[in-house]
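Read through the structure below, which is laid out as structure tokens, and then see the notes.
The values are calculated or read from the model by the stated rules, or taken from the named source; none is laboratory data. Note that the structure is predicted; figures quoted are calculated from it, not measured. Cβ atoms come from the backbone with ideal geometry, glycine included; neighbour counts cover every protein chain shown.
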Amino acid sequence: MRAFVITAPGEAGVQELAAPLAGPGEVVVDVRRAGVCGTDLEFYTGEMQYLHDGHASYPIRIGHEWVGTVAAVGDGVENMWIGRRVTGDTMLGCGVCRRCLQGRQHVCAFRTEIGIRGGRPGALADQVAVPARSLLALPDDVDDALGALVEPGGNALRAVRGAALRPGDTALVLGPGTIGLLVALFARAAGATVHLVGVDERSLAFARGLGFDGVWTAEELPDLPWDAVIDASNAAALPARALDLVEPGGRVVCIGLAGSPSRIDTRTLALKDVTAVGVLSASGGLDGAIEAYASGTVDPRPLVAATIGLGDLAGVLAGRRPTGAGAGPKTHIDVQKEQRP
């Protein structure tokens, strides 16, 4: 089969590899579509922290936002899965430690992560093997584009839940990238009045095109009572800014990760009686994202700017925008699409 492999910083391409086999408790999925994430870009540039702390190494097969059809099952897996359209959780805990038994497998110290951590191959390939326990079946109302957006959507939904928004609350999202826009869509669906702040005029204009009127630069940001501030950026200074902005008794949610340490003044946190929430992974939010997409409550498909073939991915990771791409922040890979010359 074909698989996209990063062999060193700035060096990547499609390779012919042995097709995976379904081990006990696993299935093999024919991948139909997969998304490209900021994490994938960090593996390409060599900046991904897991490369430096020993949780990942080259060569690495990326891809953790995916949708496909189950082609084969291993021992202990019901045949009913064969032919089902599915997506799955990225975070795969050991299943036996205290955290896993408490339903927190996404922070298991021994976890692997599909396409990210522990050598678990990713889904930017013709096929991928995953544990059956990680699968989620997709209804017909969730097409392939939506299916490949379930994983980032689950992250965003968990951030909105962490903000504990109520109808009529005012929420501020820092960073109008893919996750920030998904957060804004889920927050709006929860009944909140949503504002976004960013720096790039193209991304700000795109956010306005999604129907968000409160879209600002930092200099333009109005002085409003923010019931929750959700940091979906990669700027090290913004968690502290979020704490300054949020209303006393409100919530700050951190889902973005900076390349250097972010610092906040815990005196401000305590004296404002603010609840701070960190979000890692879509685990716990995947079912809710599927339900929201199936019902039409949230439709993130406009975020997909282009759908390209597997052979064009290296160029995208190197910074080349696909020909004819729209204004959205997300690129999808149609894994079965013919490679271009």
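Here are a few things to note about the model shown:
- Filter result for Gly315 (assigned by TED's automatic domain parsing to the domain that holds Gln102 and either in contact with a helix residue (DSSP H, G or I) (Cβ under 6 Å, 6 or more places away or on another chain) or surrounded by 15 or more Cβ atoms within 10 Å (Cβ to Cβ) (or both)): no
- Scanning region 1-57 for residues that are part of a strand (DSSP E or B), in contact (Cβ under 8 Å) with a residue 40 or more places away in the chain and among the acidic types (Asp, Glu), we see that the one that is surrounded by the fewest Cβ atoms within 10 Å (Cβ to Cβ) is Asp30.
- Within region 260-292, the set of residues being under 15 Å from the mean Cα position of the chain (by Cα) and surrounded by 15 or more Cβ atoms within 10 Å (Cβ to Cβ) comprises Val279, Ser281, Ala282, Ser283, Gly284, Gly285, Leu286, Gly288, Ala289, Ile290.
- Test: residue in region 121-142 that is assigned to a helix (DSSP H, G or I), of a type outside the set (Phe, Trp, Tyr), over 26 Å from Val77 (Cβ atoms) and under 18 Å from the mean Cα position of the chain (by Cα): no
- Check on Gly68, outside the structural domain of Asn234 (by TED's automatic domain parsing), surrounded by 21 or more Cβ atoms within 10 Å (Cβ to Cβ) and outside any helix (DSSP H, G or I): yes
- Restricting attention to region 180-193, the residues being out of contact with any Leu (no Cβ under 8 Å at 6 or more places or on another chain) and either within 18 Å of Cys254 (Cβ to Cβ) or of a type outside the set (Lys, Arg) (or both) number 3.
- Gly198 on the phi > 0 side of the Ramachandran plot and either at pLDDT 95 or above or surrounded by fewer than 18 Cβ atoms within 10 Å (Cβ to Cβ) (or both): no
- Residue satisfying condition, being out of contact with any strand residue (DSSP E or B) (no Cβ under 9 Å at 6 or more places or on another chain) and free of Cβ contacts under 8 Å to residues at least 60 places away in the same chain, within set Ala218, Ala258: Ala258
- Residues of region 99-119 that turn out to be in contact with a strand residue (DSSP E or B) (Cβ under 6 Å, 6 or more places away or on another chain) and β-branched (Val, Ile, Thr), as a count: 1
- Gly103 being assigned to a strand (DSSP E or B), farther than 20 Å from Thr178 by Cβ and among the small types (Gly, Ala, Ser): no
- So Pro24, is it under 26 Å from Pro152 (Cβ atoms), at pLDDT 95 or above and not β-branched (Val, Ile, Thr): no
- Filter pass, Gly191 being of a type in the set (Gly, Ala, Ser), in contact with a His (Cβ under 7 Å, 6 or more places away or on another chain) and modelled with pLDDT of 95 or more: no
- Scanning region 120-141 for residues that are under 20 Å from Val36 (Cα atoms) and either buried (at least 24 other Cβ atoms within 10 Å of the Cβ) or out of contact with any strand residue (DSSP E or B) (no Cβ under 8 Å at 6 or more places or on another chain) (or both) yields Gly122, Ala123, Leu124, Ala125, Val128, Val130.
- Residue identified as buried (at least 20 other Cβ atoms within 10 Å of the Cβ), in contact (Cβ under 8 Å) with a residue 24 or more places away in the chain and touching a helix residue (DSSP H, G or I) at 6+ places or on another chain (Cβ under 6 Å) among Leu185, Leu172, Leu146: Leu146
- Summed over region 288-322, the residues that are β-branched (Val, Ile, Thr), out of contact with any strand residue (DSSP E or B) (no Cβ under 7 Å at 6 or more places or on another chain) and closer than 22 Å to Gly38 by Cβ give a count of 1.
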